[in-house]
Amino acid sequence: MALPANPGRRGLLLGRPVIVDQRPVAALARSCLALRGIACMSCRDACLTGAIRFSLVRGGAIPRVEAEACTGCADCIPVCPASAITLVAPEAREPSRA
Ligand code: SF4
Ligand code: SF4
């Protein structure tokens, strides 16, 4: 089912309180070692919510962030040897892949 384009405004119009998720979310940059073919899973190991998942590809595994599972805690940032993780605004969240 598709969500309304602006659920917060729709909720106001209907007189219902709506909580819009404003948490920042982790984003991975191209400097990520795993994306460059170098084995690394430090961020996954540091993420207590399991928001960083790896997909097997030829020659290794590449990470992605499941936005719904990311709390924006930033625990993954200091463990990244490539400084490839930042927190971004919710509107910049990657679309989740089912
Ligand atoms: S810790 Fe950094 S370099 Fe390693 S897989 Fe995660 S984002 Fe990539
Ligand atoms: S910010 Fe926290 S919850 Fe989000 S991916 Fe990093 S460690 Fe996991």
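The values are calculated or read from the model by the stated rules, or taken from the named source; none is laboratory data. Just so we're clear, the structure is a prediction, and the values are computed from it rather than from any experiment. For neighbour counting, all protein chains shown are included, and Cβ atoms are generated from backbone atoms with ideal geometry for every residue, glycine included.
Yes/no per residue for (1) more than 15 Å from ligand 1 (Cβ to nearest atom); (2) hydroxyl-bearing (Ser, Thr, Tyr); (3) at pLDDT 95 or above:
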site	(1), (2), (3)
14	yes, no, no
25	no, no, yes
55	no, yes, yes
59	no, no, no
79	no, no, yes
86	no, yes, yes
| message | Just the residues that are more than 9 Å from ligand 2 (Cβ to nearest atom), in a strand (DSSP E or B) and within 25 Å of residue 22 (Cα to Cα), please, taken from region 55-83. | response | 63, 64
| request: Spot the failing condition for residue 63; the list is (1) more than 14 Å from the chain's Cα centre (by Cα); (2) surrounded by 17 or more Cβ atoms within 10 Å (Cβ to Cβ); (3) of a type outside the set (Val, Ile, Thr), and only one is missed. | output: (1)
| List the pairs whose first member sits in region 50-61 and is within 15 Å of residue 85 (Cα to Cα), whose second member is within 12 Å of ligand 2 (Cβ to nearest atom) and among the hydroxyl-bearing types (Ser, Thr, Tyr), and whose Cβ atoms are under 9 Å apart, counting only residues at least 6 apart or on separate chains? | 51/71
| field | Number of the exception - residue 87 against (1) touching a residue at least 60 places away in the same chain (Cβ under 8 Å); (2) more than 7 Å from ligand 2 (Cβ to nearest atom) | value | (2)
